[in-house]
Amino acid sequence: MNETSLSLLHRLQESSETESWDRLITLYAPLIRAWLRKYDVQESDADDLVQEVLLAVSKDLSKFEHGGQPGAFRGWLKGILVNRLRNFWRARDRRREARGHSDIDERLAELEIPTSELSQLWNEEHDRYVLRQLLELVKPHFAPNTWTAFDRVALKGERPRDVAAEMKISLNAVVTAKSRVLGRLRQESQGLVDSYSGFSARR
């Protein structure tokens, strides 16, 4: 990953290189799996469904147009997830009695509505999760001191002047470290995450 590389989304749209697709799988498989659990998918079925969702993404990503709309990609991905979940449970209608009076269909319908609470939860979890995962992916590309300064100021919320004094580096070095890492993060996540609000302290 060099300083002039395109965002992960753009690289995936322009090329089928294995490294970028592996990164997408690493980035999104756990998030998709977590949402499958919210819709009563058993672990024995989760692997196949995660692959189905990511395969659909790989097939149609070249046609995806962001259009500069906030949340366009996560909304598109959510649509794929909803469709695969709906197909999954429709194919298992014979098991509805075993599921009891399930509200899965209603919850899937709610997730499709952009303004619903479930949809807002998806948006928040998506952005927070993707940013944290991308941080781990970009971390090896920075010197330890640069990362430590960034981590303490941007993630832990410490005062830059205090960090500079304790690390015995200049205040400018601390500010530059924060700027460099955030710049790399924004570049890598362009198109995937549209808002960085609330991204200040590690939870």
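A few comments on the model shown:
- Taking segment 70-85 as the range and being open to solvent by 40 Å² or more (accessible area, probe 1.4 Å) and over 17 Å from the mean Cα position of the chain (by Cα) as the test, the residues that pass are 83, 84.
- Of the helices (runs of 4 or more DSSP H) contained entirely in segment 118-192, those carrying at least 3 residues that are touching a residue at least 60 places away in the same chain (Cβ under 8 Å) and surrounded by 15 or more Cβ atoms within 10 Å (Cβ to Cβ) fall at 171-189.
- Residues within segment 41-62 that are more than 16 Å from residue 78 (Cβ to Cβ) and either among the polar types (S, T, N, Q) or surrounded by fewer than 16 Cβ atoms within 10 Å (Cβ to Cβ) (or both), tallied: 11
- Positions within segment 51-80 being among the hydrophobic types (A, V, I, L, M, F, W, C) and part of a helix (DSSP H, G or I), in sequence order: 53, 54, 55, 56, 57, 61, 72, 73, 76, 77, 80
- Residue list for segment 163-195, restricted to those being modelled with pLDDT of 90 or more and of a type in the set (Val, Ile, Thr): 163, 169, 174, 175, 176, 181
The values are calculated or read from the model by the stated rules, or taken from the named source; none is laboratory data. On a predicted model such as this, the values are computed, not experimentally measured, just so you know. Heads up, the Cβs are rebuilt from the backbone with ideal geometry, glycines too, and the neighbour counts pull from every protein chain shown. Remember, those area values only see protein heavy atoms, side chains included, never the ligands or the DNA or RNA. Shrake-Rupley method; radii C 1.70, N 1.55, O 1.52, S 1.80 Å.
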